[in-house]
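K.L.:
Structure in structure tokens, see below.
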Ligand SMILES: *[C@@H]1O[C@H](CO)[C@@H](O)[C@H](O)[C@H]1NC(C)=O
Ligand SMILES: *[C@@H]1O[C@H](CO)[C@@H](O)[C@H](O)[C@H]1NC(C)=O
């Protein structure tokens, strides 16, 4: 009885240490990205923790890009995983997440990486278009050589270094604090989050494109000037989804100096591009805390793999029926200035899980 009680108490404590301090609580930011932040806005309602209040008060002009990053993260997470059993709807619960995003799952790994990438992305973009003149401008000329010696670096390269630095400061601010405590579960969780945040930032860097423009006598294109530009955020997210599908499971270890570190299972290795998870995920088939199950989810009976009915319905089977939808059709432009459409009815076939 005593042991049981003690276990419960330890579990409760772990939950408080590990659970309360999610590094992604800030996805709850309540101010839309088209509004400037005031000092009084840097408050608890946005899910900030630890160093994030100070960063907020010191970097007010940048905060709207934190709002933008939160919006991008939620939108892109849902869009990337729309055909999966776990489809990211619970991200909207921020700052009080369920177990799927509270624990060290691969879903957590993906959301941490995506949100940290989103901060890099939106801050970097703001620098390039001159919205943060006090803080940053164009990036430095890249050190790498271009393919052709007649080509030169020139123009305004995106200032990813600034975006990376800001994202690291903002997203890792929460984790550093947890590392200080010697509580092993909290420390290993912090290590996991730091790795996944880093993988997110690396993905933005890896997706940078080199764009070149021609110069020279009437289109001869003898000289080119080139600069580095962000790809679409969707491409960054697609890369991270691949890492999510190849998640590396890690276990927590302690060395002789009592320092905590993580080690991949079964002798695997990982680098700064990989996503890692400490906890196994459920299959998200049935309803439980943090999962809505897949009953009633739409599935595609004519594919295999993710999104197919056998996958989505977890073998419970599906039913197919027709539904009449109304949509706008035969639209025409009416001078001046609107579009007039008719309403058409169309019958579509839908399959949903039982
Ligand atoms: C942000 O601060 C301004 C000025 O203090 C205030 O008017 C506004 O309501 C605040 N917005 C939010 C969402 O807290
Ligand atoms: C995501 O899943 C939930 C429940 O599992 C469902 O209600 C919702 O419609 C799904 N979202 C999309 C975009 O399919």
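K.L.:
Of everything in region 48-65 that's within 19 Å of the chain's Cα centre (by Cα) and within 13 Å of ligand 1 (Cβ to nearest atom), which residue is surrounded by the fewest Cβ atoms within 10 Å (Cβ to Cβ)? Give the derivation first.
P.N.:
The first filter runs over region 48-65 and keeps only residues within 19 Å of the chain's Cα centre (by Cα), leaving 48-49, 52, 62-65.
Retained after the next criterion (residues that are within 13 Å of ligand 1 (Cβ to nearest atom)): 48, 63-64.
Working: 48: 23, 63: 23, 64: 21.
The extreme case among them is 64.
K.L.:
Only one of (1) more than 16 Å from ligand 2 (Cβ to nearest atom); (2) under 23 Å from the mean Cα position of the chain (by Cα) is not met by residue 329, so which one is it?
P.N.:
(2)
K.L.:
Somewhere in region 58-71, is a residue more than 16 Å from ligand 2 (Cβ to nearest atom) and without any contact (Cβ under 8 Å) to a residue 12 or more places away in the chain?
P.N.:
Within region 58-71 (the criterion being more than 16 Å from ligand 2 (Cβ to nearest atom) and without any contact (Cβ under 8 Å) to a residue 12 or more places away in the chain), the answer is yes, since at least one residue qualifies.
K.L.:
Next up: Quick check, is residue 201 surrounded by 19 or more Cβ atoms within 10 Å (Cβ to Cβ) and modelled with pLDDT under 95?
P.N.:
It is false that residue 201 is surrounded by 19 or more Cβ atoms within 10 Å (Cβ to Cβ) and modelled with pLDDT under 95.
K.L.:
To continue, here is another question. Looking for whichever is outside any loop (DSSP other than H, G, I, E, B), in contact with a strand residue (DSSP E or B) (Cβ under 7 Å, 6 or more places away or on another chain), touching a residue at least 12 places away in the same chain (Cβ under 8 Å) and more than 16 Å from ligand 2 (Cβ to nearest atom) here; the options are 118, 113, 109. Which one fits?
P.N.:
Details: 118 fails: in contact with a strand residue (DSSP E or B) (Cβ under 7 Å, 6 or more places away or on another chain); 113 fails: in contact with a strand residue (DSSP E or B) (Cβ under 7 Å, 6 or more places away or on another chain).
When all the criteria are applied, what remains is 109.
Each row is one residue, and each column tells you yes or no for (1) part of a helix (DSSP H, G or I); (2) in contact (Cβ under 8 Å) with a residue 60 or more places away in the chain.
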position	(1), (2)
23	no, yes
40	yes, no
48	no, no
77	yes, yes
92	yes, no
100	yes, yes
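K.L.:
Something else about it: Considering (1) within 14 Å of residue 196 (Cβ to Cβ); (2) assigned to a loop (DSSP other than H, G, I, E, B); (3) touching a residue at least 40 places away in the same chain (Cβ under 8 Å), say which one residue 280 fails and leave the rest.
P.N.:
With respect to (1) within 14 Å of residue 196 (Cβ to Cβ); (2) assigned to a loop (DSSP other than H, G, I, E, B); (3) touching a residue at least 40 places away in the same chain (Cβ under 8 Å), residue 280 is out only on (1).
K.L.:
Let me ask another. Taking region 263-272, which residues are within 20 Å of the chain's Cα centre (by Cα) and exposed (fewer than 15 other Cβ atoms within 10 Å of the Cβ)?
P.N.:
Residues satisfying the conditions are 271, 272.
K.L.:
While we're here: Are any residues in region 230-252 surrounded by 15 or more Cβ atoms within 10 Å (Cβ to Cβ) and in a strand (DSSP E or B), and if so, which ones?
P.N.:
The answer is 248, 249, 250, 252.
The values are calculated or read from the model by the stated rules, or taken from the named source; none is laboratory data. Just so it is clear, the model here is predicted, and its values are computed rather than measured. Note: ideal-geometry Cβ built from the backbone for every residue, glycine included; neighbour counts use all protein chains shown.
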